[in-house]
Structure formats: C-alpha cells, structure tokens
Amino acid sequence: MKTALITGGTKGIGKAIAFAFLQRGYEVVLNYDSDEPAALAAQEEFNIMGYCPLLLRADVSDERQVAEMLGEFFSIYGRLDVLVNNAGISRVNIIQNTTAEEWDKIFGVNIRGAFLCCREAVDKMIGRGGSIINIASIWGEVGASCEVAYSASKGALIAFTKALAKELAPSKIRVNCVSPGVINTEMNSHLSSAEMDDLVDRIPLGRLGRPEDVADACVFLAETPYVTGEILSVGGGFAK
Ligand code: NAD
C-alpha cells in the first residue's frame, strides 16, 4: 500500500490533504508539532469516518526530531511514496518591527523544516521513486506587504523545489510546489470580515479557497508521473 507523510497534518490545509490521500487508499501519517489534544481529536475524527492515520510528533524545524520521526516512519512502513511539506507559520509585521528571532522562526519552520524532512526522506525514496510536494504561497511568488519574512521564506521554498526537482529527477523522485492563494483556515483568522470581503473581491473566481482545493492539487501532483519542478498556483486566479 502507498504511504504519505503530511507535516502539520492535523488541522487546516494539512488535514484536508491527509483526508484526500486517505480516501485514495494511502496509509497516511499526520505529523504534528505540540498540540497533542488537537492531534488526537483529528485522528479520532478520521477513525469515526473509518480511516486509521498514524500520528507522529515532531517540530519540523528541529533536526533531531525530524530524524527520529522519519526513522520511526520507515521502521513502520519501510517506504514513503508522498511527502507533503505543509507545516508553516506566518506573521504580519512591518519590517522595522520584525525581530531576528521572528525571522529565524518563520524560516525555521517554512524552509528549514522542508529541507530537513526532504533530507531525511530521500535516501529511502531513491530506487522506488516518489513525490515530494511543498506547500508554498502566492506571496512567495508575488510578495506581500507586511509579510516580508513569510513571503521570503515561501520564495525560498519555491527555489528549493525547483533545484531539488532537478537533483532528484534521475532518482525518479518528483518535487513540486502547490502555491495557495487565500485559503479559509485559521492562518487567516487575524483578518477582519471587511478585509476578507476585500480579498474575495480581488479573487477572479469570486470565493476564498477551501483546504480541499489545495488537497486536490496535491493529489494531482502526486499521481501525475511526468510533472516535476512545477509551481501550481491554487488561488482562483488571485494575484495573477
Ligand atoms: P494552519 O495554521 O491552520 O496550519 C499550519 C499547520 O502547521 C498546523 O497544523 C501547525 O501545527 C503546523 N506547524 C506549525 N509549525 C510547525 C512545526 N514547527 N512543526 C510541525 N508542524 C508545525 O495553516 P494552514 O492555512 O492550514 O497552512 C498550511 C500551509 O499552507 C502552510 O505552509 C501555509 O503557509 C500555507 N498557506 C496557507 C494559506 C492560507 O491562506 N491559509 C495560503 C498560502 C499558503
């Protein structure tokens, strides 16, 4: 049976991605960082629907924890077909107020985390092949005012994806990005309803994205064998 590891897989977009792969018969592992009760609640929700994903705890920015997580993953399943680097954090701040610690924290999760997970995974994927999907952001493509650190980290993730796709193509490991626009999750809960309405007005398809929209794109990339190094925008035409 095929396997998938989704980082930050117990809520928001990650949870929808996990559900999409569970529905397609994959063995799915949900990585989570620290919120054990929320992780158990997500697992229970899937159990009620008849699915049995495994939970593995690791802060993706922590080298040791990531190595242990992937070690445990491979000792259980022996193979990894799809790695989705979804875990991410954002902060809204003008550059003058952005501390070096905040910058490092954002880069730690959004790009170092993806690097560490890929590094630990690829040795075991070589030979069998597989698919790595990094969840970037439209802001990594076009830049967002007051989100310089976040935009830069996602831009780095896009460059990382393009480079790694070339490096791993001879090993039959495909590496792609999904680049969401504005998706209706807790990450955007700081926005007022007026700000949300304004954003919707700027989305050509006329609605916010749903986590399932991003999940559909992940399934497409995982199961389309001749696509690598691509940045697939899922934003209803936003900011294009
Ligand atoms: P969310 O805040 O609901 O979920 C983020 C997930 O990442 C959570 O499960 C969180 O626990 C996990 N996480 C954070 N730090 C972690 C760490 N150190 N180790 C392991 N897990 C960690 O946000 P979301 O909207 O579901 O975002 C998912 C991804 O999509 C992120 O990478 C985000 O940048 C990206 N994205 C979101 C939007 C949007 O509009 N919501 C747009 C573009 C890109």
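The values are calculated or read from the model by the stated rules, or taken from the named source; none is laboratory data. None of the values given here were measured: they were computed from a predicted structure. Ideal geometry is used to build each Cβ from the backbone, glycine not excepted, and the neighbour counts take in all protein chains shown.
For segment 169-210, filtering for residues that are over 14 Å from residue 236 (Cβ atoms) and touching a strand residue (DSSP E or B) at 6+ places or on another chain (Cβ under 6 Å) leaves 5.
Quick one: in segment 90-109, of everything that is of a type in the set (A, V, I, L, M) and either in contact with an Asp or Glu (Cβ under 9 Å, 6 or more places away or on another chain) or more than 22 Å from residue 164 (Cα to Cα) (or both), which residue is nearest to the ligand (Cβ to nearest atom)?
The qualifying residue nearest to the ligand (Cβ to nearest atom) is 109.
For the structure I just gave you, tell me whether residue 25 is in a loop (DSSP other than H, G, I, E, B), within 16 Å of the ligand (Cβ to nearest atom) and touching a residue at least 12 places away in the same chain (Cβ under 8 Å). No, not satisfied. With respect to being small (Gly, Ala, Ser), assigned to a helix (DSSP H, G or I) and either more than 12 Å from the ligand (Cβ to nearest atom) or closer than 27 Å to residue 220 by Cβ (or both), residue 42 fits the description. Within segment 182-227, the set of residues being assigned to a loop (DSSP other than H, G, I, E, B), touching a residue at least 40 places away in the same chain (Cβ under 8 Å), in contact with a Leu (Cβ under 8 Å, 6 or more places away or on another chain) and within 20 Å of residue 154 (Cα to Cα) comprises just one member, 182. The C-beta contact set for segment 82-102 (first residue modelled with pLDDT of 95 or more, second residue part of a loop (DSSP other than H, G, I, E, B) and away from the ligand (no atom under 13 Å from the Cβ), distance under 6 angstrom, 6+ apart or interchain) comprises 92/146; 94/146. Among helices (runs of 4 or more DSSP H) entirely within segment 68-173, having at least 2 residues that are more than 14 Å from the chain's Cα centre (by Cα), surrounded by fewer than 21 Cβ atoms within 10 Å (Cβ to Cβ) and small (Gly, Ala, Ser) singles out 148-168.
For segment 1-29, give me the residue count where each residue is among the polar types (S, T, N, Q) and closer than 12 Å to residue 83 by Cβ.
Qualifying residue count, segment 1-29: 2.
Screening residue 26 against (1) crowded, with 16+ Cβ neighbours inside 10 Å; (2) among the hydroxyl-bearing types (Ser, Thr, Tyr); (3) out of contact with any strand residue (DSSP E or B) (no Cβ under 6 Å at 6 or more places or on another chain); (4) over 21 Å from residue 161 (Cβ atoms) leaves a single unmet condition, (3).
Looking at the structure I just gave you, is residue 7 more than 9 Å from the ligand (Cβ to nearest atom), among the polar types (S, T, N, Q), crowded, with 21+ Cβ neighbours inside 10 Å and under 21 Å from residue 68 (Cβ atoms)?
It is false that residue 7 is more than 9 Å from the ligand (Cβ to nearest atom), among the polar types (S, T, N, Q), crowded, with 21+ Cβ neighbours inside 10 Å and under 21 Å from residue 68 (Cβ atoms).
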